[in-house]
1. Sort 106-112, 119-125 for me by packing, meaning the mean count of neighbouring Cβ atoms within 10 Å per residue, highest on top.
2. Can you tell me, using C-alpha contacts under 8 Å and at least 6 residues apart, the relative contact order of the chain as a whole percent?
3. How would you order 62-72, 12-22 from highest to lowest mean count of nearby Cβ atoms within 10 Å?
4. Find the Rg to Rh ratio for the stretch 2-150, where Rh is the Kirkwood radius over alpha-carbon pairs and Rg uses the same atoms.
5. Sorted from fewest to most neighbouring beta carbons within 10 Å, what does the list 39, 81 look like?
6. Cα-based Rg of the stretch 41-98 per 2.2 N^0.38 Å, rounded to two decimals?
7. For the stretch 78-120, place one equal point scatterer on every Cα, skip the solvent, and apply the Debye formula. What is log10 of I(q)/I(0) at q = 0.23, 0.29 Å⁻¹?
8. Rank 133, 35, 43 by mean-square fluctuation in a GNM of the chain with C-alpha springs under 10 angstrom and give only the top-ranked residue.
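We did not get these values from a lab; they are worked out from the coordinates using the rules stated. Just so it is clear, the structure is predicted and the values come from calculations on it, not from any experiment. Note that we place each Cβ from the backbone using ideal geometry, even for glycine, and neighbour counts take in every protein chain shown.
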Amino acid sequence: MKTRVALVALLGGVLFGCGLARSAMVSPEVVLSFLRWRDFGLLLVLGGAVAVALPAYQLAPRWLKAPPFGDQFGRHAARLDRSTLLGSAIFGIGWGLCGVCPGPSIASLGAGNVPTLWALLGIFAGAFVQGWLARPRAGVAAGLSADRTSA
């Protein structure tokens, strides 16, 4: 079963990467042009992604008894708090400065865009710092874990 899941994940990743490359989302210049309101081609890409994903996320739990590779469908309880807003702002600033976000940056490497390694280094550094800041601390861990389970 794990091999089958890994193969499906690999196939999904390759398909996603090919879609990103075909849509030019792997090109920081195209992304920055979109973010500057000069080229709206990526809006069609984003709209197409939403048009495919939204019905799948809404209908699959109703039509299927269980996900193909899991026990049950889960829901992530989203919370709008200070950490979410700060993280979103940092992500947006980074995306706006270099025109690269995590998925397309990896696909960009596959397309031969080696300078994207600098952006990936920043992405990994940011993820490391966030993980370090979010880890439970002694004395605070009990209150933090109780607070998160009540949401």
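1. Working: 106-112: 17.1, 119-125: 14.7.
The packing order, highest mean first, is 106-112, 119-125.
2. 28 percent
3. Details: 62-72: 8.9, 12-22: 14.3.
Ranked from most to least packed, the peptides come out as 12-22, 62-72.
4. Radius of gyration relative to Kirkwood radius: 1.01.
5. Neighbour counts put them in this order, fewest first: 81, 39.
6. Numbers: Rg = 16.1 Å, N = 58, 2.2 N^0.38 = 10.3 Å.
This ratio for the stretch 41-98 stands at 1.56.
7. -0.75, -0.94
8. Residue with maximal mean-square fluctuation among 133, 35, 43: 133.
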